[in-house]
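Each remark here refers to the structure printed beneath this line.
We did not get these values from a lab; they are worked out from the coordinates using the rules stated. Since the structure is predicted, the reported quantities are computational estimates derived from the model, not experimental observations. Every residue, glycine among them, receives a Cβ derived from its backbone with ideal geometry; neighbour counts consider all protein chains shown.
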Amino acid sequence: MIGERLGRLTVVLGGQKSGKSGLAARRAAASGRPVVVVAPAVVRDDEFRARVERHQADRPSHWRTLETFDLAAAVNQAGPGAFVLVDALDTWLAEAMESAGLFIGDDVPDPAARAAAENRLVAELTTFAGTVARSDAEVLVIAGQPGLGVHAGGPGARFYVDLHGRCVQTLCAAADEALLVVGGRVVRLEEDAARPVGGAAAAGGFPELREHGDTQVPAGTVDLAVNVELGPPAWLAERLRSAVDGLAAYPDDRPARAAAAARHGRPAEECLVVNGAAETFWLIAQVLRPRLAACVHPSFTEPEAALRAAGVPVVRVPRDPARGWLLDPSSVPADADLVVLGRPDNPTGALDPVATVAALTRPGRTVVVDEAFAEFLDDADGVAGRRDLAGVVSVRSLTKLWGLAGLRVGYLVGPEPLVARLTSGRQPWSCNSLALTALEALAGAEDERRERAEDVARRRAGLVGELRHVPGLRVWDTHANFVLVQGAMPGLRERLLVHGLAARRADTFPGLDDRAVRVAVRDQATNSRLVAALHAIMGEVRA
């Protein structure tokens, strides 16, 4: 089904009272999954009993608790699609040592017993990580950092610290994500670039987030993966050729910035010209450094890639295919201080009402609306012209409709203080003179923009109408120059390649799998060829 996910392992490190438990609880609550807390501890004194009771009282009543030391079994017992919170590695390790006759204190551990216990515990954690990878659970392990703080100095205590370090390294080597919490602030720990990466650890860098359609068109195939219209128009090409004579001068973005801002009835101070819309997401991640970001999915993956690269914790908020992929704003975690969504969304084509965006706003939160495909709407103003939406940033691209992907033409509009902050965090002359020339010219080309958008809408309506007659194919309404379709079988992209058609992979978008593809709206002949190929593919499946 759409929305299937592989198991995911996160390790949260931190000292005593660092805020790691709070982060873990927020992630669990924001996951939207049934939460199971695994408590590997034996209560032996009143103080510890009171501590456990306080933790249990702080948890939502519908969270389930498993008291077990078998972490791998706990993942299986948690049930389908659970969020498993292991609280904590420290107690699991302490109890495991005691059960092996190794005590934290002044006793000198027997070397043979020490070696056997160390190997057994590392093997158990390796089995646990493998179980997570094969499950559909999201698993978070809270692990302390006893070596960073004051600890007992006896031989047994030193062994505990050493063994804790090896256990943490074992888990982190297999984890998708490792976070260090200090003073309530989070740092994402990067992998060692020199270490060979494979298995579950290979997903730790989220390489699928950097996959885009321009790399998915094999030679000799028809390009349905890149959602950029043919262009630019002849008059714009001529203006760009004329601008080449001025390339000796440094770029001056003030005229283009003023033109883009005026398009939405805003002062120039509320606009920033960017080197393609994608630059905005990296700039926001590096400059704003939110405490918790919520990325609405399935959607363009560069925002999440940029946030993760900056060490920002990210929660994925799913759209509902049964609701036409429209977002329920209540599904966004209340403590997310940055929210990113697409409007129209890529790859679903869903168009959330402006009221949905308004419902996401609140003091202290920035809402980033990716409006790269707003040029295809009847009213291309989108939320860019809504100065009444507090904390909302609209990210615009002119590359899609006008066929300028190679020129990188984009801008953002938002509150002046935020725009000033982003401006101060970037290098000078980020946008070249040709891109600025194009932006200034296109900001005033509303009549031609509307004509181009209407042409796309006609071709899109024809394609969607034909696709709806393909038996067994699921098709959603869309408001851009692409269509998301889903078959009943895996490998739909590969099946289309057999017919010489290169569609955009959908399985790199969180929340989709390889039964779906995104296809660009092309001319009638190409659209008909696509429909014929899908009829043949779906017919083979039914046979």
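Hey, can you grab everything whose amide H is under 5 Å from the amide H of Val38? Only 5+ residues off in sequence or another chain; H modelled, so Pro and N-termini drop out.
Placed amide hydrogens put Leu66, Leu85, Val86, Asp87 under 5 Å from Val38.
What percent do you get for the relative contact order of the range 210-281 when only Cα pairs under 8 Å and 6+ apart count?
Values: 25 pairs, mean separation 10.7, N = 72.
Relative contact order comes out at 15 percent.
By how many nm would the segment from His212 to Asp381 lengthen if fully extended, with 0.36 nm per residue of separation less the alpha-carbon distance?
Numbers: separation 169, 0.36 × 169 = 60.84 nm, distance 2.64 nm.
Going from the current span to full extension adds 58.2 nm.
Just need the relative contact order of the range 250-444 here, percent rounded to a whole number, with Cα pairs under 8 Å and 6+ apart. Before the final figure, lay out the partial values.
Values: 384 pairs, mean separation 55.9, N = 195.
Answer for the range 250-444 is 29 percent.
Quick one: the Cα spread of the chain along its three principal axes, in angstroms, biggest first?
Sorted from largest, the Cα extents of the chain read 84, 61, 44 Å.
Using a 7 Å offset from Cα along Cα-Cβ at Asp455, what residues in the range 219-252 end up with backbone N under 15 Å from the label point?
Label zone hits: 228-237.
Tell me, Kirkwood radius of the range 234-377 from alpha-carbon pair distances, in Å? It would help to have the intermediate numbers written out before the result.
Working: mean 1/r = 0.0589 Å⁻¹.
Evaluated on the range 234-377, it is 17.0 Å.
On full extension of the chain, what length is gained from Val244 through Asp320, given 0.36 nm per residue of separation minus the C-alpha to C-alpha distance? Provide the component values of the computation, followed by the final result.
Values: separation 76, 0.36 × 76 = 27.36 nm, distance 4.75 nm.
Extending this stretch completely gives an extra 22.6 nm.
How long are the three semi-axes of the equivalent ellipsoid of the range 222-302, in whole Å, if each is the root of 5 times an eigenvalue of the C-alpha gyration tensor, listed from largest down? Walk me through the numbers before you get to the answer.
Working: eigenvalues 162, 97, 36 Å².
Output for the range 222-302: semi-axes of 28, 22, 13 Å.
Order of Thr526, Thr356, Thr10, Thr280 from fewest to most other C-beta atoms within 10 Å? All intermediate terms of the calculation are to be shown ahead of the outcome.
On the way: Thr526 18, Thr356 15, Thr10 23, Thr280 28.
Fewest-to-most Cβ neighbours within 10 Å comes out as Thr356, Thr526, Thr10, Thr280.
With 5 Å bins from zero, work out the P(r) of the range 421-543 over every alpha carbon pair and list the percent per bin.
Answer for the range 421-543: a P(r) of 2, 10, 17, 17, 13, 9, 10, 9, 7, 4, 2, 0, 0 percent.
Could you tell me the relative contact order of the chain? Use alpha-carbon pairs under 8 Å, at least six residues apart, and round to a whole percent.
Numbers: 1032 pairs, mean separation 84.4, N = 543.
Reported relative contact order: 16 percent.
Over all directions, average the projected area of the Cα convex hull of the range 297-347 and note it in nm². Each step should come with its number before you reach the end.
Numbers: hull surface 14.4 nm².
For the Cα atoms of the range 297-347, the hull's average projected area reads 3.6 nm².
Given 5 Å bins starting at zero, what is the percent of C-alpha pairs of the range 431-473 in each, up to the one with the largest pair distance?
Percent of Cα pairs in each bin: 5, 18, 14, 13, 13, 11, 9, 8, 6, 2, 0.
Using only helices, what value at 222 nm comes out for the chain when you add -39,500 (n - 2.57) per DSSP H run of length 4 or more and divide by the total residues, to the nearest 500 deg cm²/dmol? Can you show the working numbers first?
Working: 17 runs with 204 residues, N = 543.
Helices in the chain give a 222 nm mean residue ellipticity of -11500 deg cm²/dmol.
Expressed as a whole number of Å, what is the distance separating the alpha-carbon centroids of the range 503-528 and the range 449-466?
Cα centroid of the range 449-466 versus Cα centroid of the range 503-528: 17 Å apart.
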